[in-house]
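The values are calculated or read from the model by the stated rules, or taken from the named source; none is laboratory data. Given the structure is predicted, the values throughout are model-derived calculations rather than measurements. Glycine gets a Cβ as well: all are built from the backbone with ideal geometry, and neighbour counts include every protein chain shown. Areas reflect the complete protein model, heavy atoms only, side chains present, ligands, DNA and RNA absent. Shrake-Rupley method; radii C 1.70, N 1.55, O 1.52, S 1.80 Å.
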Amino acid sequence: GAPEQQQDGRGEPKPLWAGSESRPAPGGAGQPSSQQRTETLGFYESDRGRKKKRSLSDLSLLRFISAELTRGYFLEHNEAKYTERRERVYTCMRIPRELEKLMFFGIFLCLDAFLYVFTLLPLRVFLAMFRFITLPCYGLRDRRLLQPAQVCDILKGVILVICYFMMHYVDYSMMYHLIRGQSVIKLYIIYNMLEVADRLFSSFGQDILDALYWTATEPKERKRAHIGVIPHFFMAVLYVFLHAILIMVQATTLNVAFNSHNKSLLTIMMSNNFVEIKGSVFKKFEKNNLFQMSNSDIKERFTNYVLLLIVCLRNMEQFSWNPDHLWVLFPDVCMVVASEIAVDIVKHAFITKFNDITADVYSDYRASLAFDLVSSRQKNAYTDYSDSVSRRMGFIPLPLAVLLIRVVTSSIKVQGVLAYACVVLFYCGLISLKVLNSIVLLGKSCQYVKEAKMEEKLFNPVLTATPGKPVSKPQSKFKSTQGISTDENGSTSVTNQPVHQKENLPSLLVTSNSDQFLTTPDGEEKDISQDSSELKHRSSKKDLLEIDRFTICGNRID
């Protein structure tokens, strides 16, 4: 064996040629000879050679294959990573259910606002006109001839009637044959352009209508800062008419796709939905941006259902209302609906995956929509519910209602007493459906608001300010006055009509930060950040309850 090395006094190993008792003399005596050095180096080289041969023998092919077959690892060494991946899979599996629950609730909200135009709006206009006509009999008890809500109802009714008669000058048959004579690629481009134009019209249209309503109901004591009610009214009529024509062209293009022989245009139009996935999935989304896109999807799906109804009515009219032809259209209708649902599910599943958003956020979105419905029933409500849906989802029911009335009146001929009796019964059925839908939605909305613990937002303090003076901040968030009425038993009421408040004292609602995902409004964030160190470094985000603008494709707005 190799000789044992000894250590010197400093703890360092002695050379092999140094003895245990002898030390090299200062004059060079005791130094190893060249022969001893050669023997020692040869010993080390032979030892390294033996180790190298042994390592080369270990790298044989059989040993490599054996190591690959028997090699093991333990997943629990990175437990957090694999747990997160599993939760992502479970989130993607929950997305279809949570998304469809939101879509189902949102579609019925749009249906409620859409039925309002056909059922309650004519009755409200009739009551407002009756009040205006009989006002001299009762005397002028108020400075206003009509309440602001009644003025808005009359404006909506007049716009609806004028645009309906203007639509009679648009020939649907000529438009159909004009579109049918175009090539497939040209129609595909036209359909994409129409979708973009519809979103732009929806984004700007509600502003035009809101400007008209506020100009018509603004207190007269204030300094005039507008161009007048008549110009705003003509702008609103022009907008509703142009938007109705735009939707008619969309419906006509879809009708041409349904009636094409090889269905190539319909296939191309449906594939366009999957292009939407590419434009949305790989973008950064926050919760507020996803909420805007969800509202846009709800509006788009409901609009597609109405367009399919218009297409079916036009086709059934051409085939003399033959029920057998309805089954011919049924597969194409199912394909359009199924492709829309599949695209929404895939899009939302991957957006939530890439942005680490949980599926529970859709419950928060649903609670925010429910809060809009509940708050519109309060006494201090500042808008009608149909207008609230328009602002939130970009769904404006007036142009779509004008087009549907135009198509129904041109497709169905009413002749005789029995036909008019059927029309009256159908109208009563629509009113019953509207009332039933409103009752169910109100009950569900109260349930969703209670589950989200948003009841305190209904009791927010109302701040008042005189014109020209800034609004002072509340001294305490918890000193509030109830904004809704209470009966004798102490139960709150959210279904009463709004009361007339003082004209020159506009109310301002203060939002609370009860929900974790909701942040404070931009106007109050600066003051709150000075008072609370916890909110000092919070980024400025908009409250979900304040998002009332329709954005194109739900893209992020910085």
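Any chance you could count how many residues in the stretch 447-465 are in a helix (DSSP H, G or I) and modelled with pLDDT under 80?
Count: 5.
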Within the stretch 439-446, is there a residue that is modelled with pLDDT of 90 or more, hydroxyl-bearing (Ser, Thr, Tyr) and in contact with a helix residue (DSSP H, G or I) (Cβ under 9 Å, 6 or more places away or on another chain)?
yes
Residues of the stretch 326-348 satisfying the condition of being surrounded by fewer than 14 Cβ atoms within 10 Å (Cβ to Cβ) and either farther than 16 Å from Phe302 by Cα or touching a Phe, Trp or Tyr at 6+ places or on another chain (Cβ under 8 Å) (or both):
Trp327, Val328, Phe330, Pro331
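Residues that are closer than 18 Å to Asn289 by Cβ and either among the hydrophobic types (A, V, I, L, M, F, W, C) or touching a helix residue (DSSP H, G or I) at 6+ places or on another chain (Cβ under 7 Å) (or both): does the stretch 368-386 have at least one?
Among the residues of the stretch 368-386, at least one is closer than 18 Å to Asn289 by Cβ and either among the hydrophobic types (A, V, I, L, M, F, W, C) or touching a helix residue (DSSP H, G or I) at 6+ places or on another chain (Cβ under 7 Å) (or both), which makes the answer yes.
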Matching residues in the stretch 70-105 (aliphatic (A, V, I, L, M) and surrounded by 15 or more Cβ atoms within 10 Å (Cβ to Cβ)) number 4
Which residue, of Val237, Val196, Val170, is surrounded by 15 or more Cβ atoms within 10 Å (Cβ to Cβ), hydrophobic (A, V, I, L, M, F, W, C) and assigned to a helix (DSSP H, G or I)?
Val237
Of the residues in the stretch 55-112 that are among the basic types (Lys, Arg) and part of a helix (DSSP H, G or I), the one that is nearest to Ala370 (Cα to Cα) is Lys101
Asp153 versus (1) open to solvent by 70 Å² or more (accessible area, probe 1.4 Å); (2) acidic (Asp, Glu); (3) more than 30 Å from Asn355 (Cβ to Cβ): which is the lone unmet condition?
(1)
Among (1) modelled with pLDDT of 90 or more; (2) open to solvent by less than 40 Å² (accessible area, probe 1.4 Å), Ala257 falls short only on (1)
Selection from the stretch 279-306 of residues that are within 21 Å of Ala359 (Cα to Cα) and of a type in the set (S, T, N, Q)
Ser280, Asn288, Asn289, Gln292, Ser294, Asn295, Ser296
Return the residues of the stretch 364-401 that are over 22 Å from Phe201 (Cβ atoms) and among the charged types (D, E, K, R); say none if nothing qualifies.
Asp364, Arg366, Asp372, Arg377, Lys379
Just checking, how many residues over the stretch 260-290 are surrounded by fewer than 17 Cβ atoms within 10 Å (Cβ to Cβ), among the small types (Gly, Ala, Ser) and closer than 17 Å to Glu340 by Cβ?
2
Quick check on the stretch 142-167: of everything there that is in a loop (DSSP other than H, G, I, E, B) and more than 15 Å from Thr383 (Cα to Cα), which residue is modelled with the highest pLDDT?
Leu146
Would you call Asn295 in contact (Cβ under 8 Å) with a residue 24 or more places away in the chain and within 23 Å of Tyr188 (Cβ to Cβ)?
no
Taking only the stretch 349-394 into account, find how many residues are under 18 Å from Tyr213 (Cβ atoms), surrounded by fewer than 23 Cβ atoms within 10 Å (Cβ to Cβ) and among the aliphatic types (A, V, I, L, M).
1
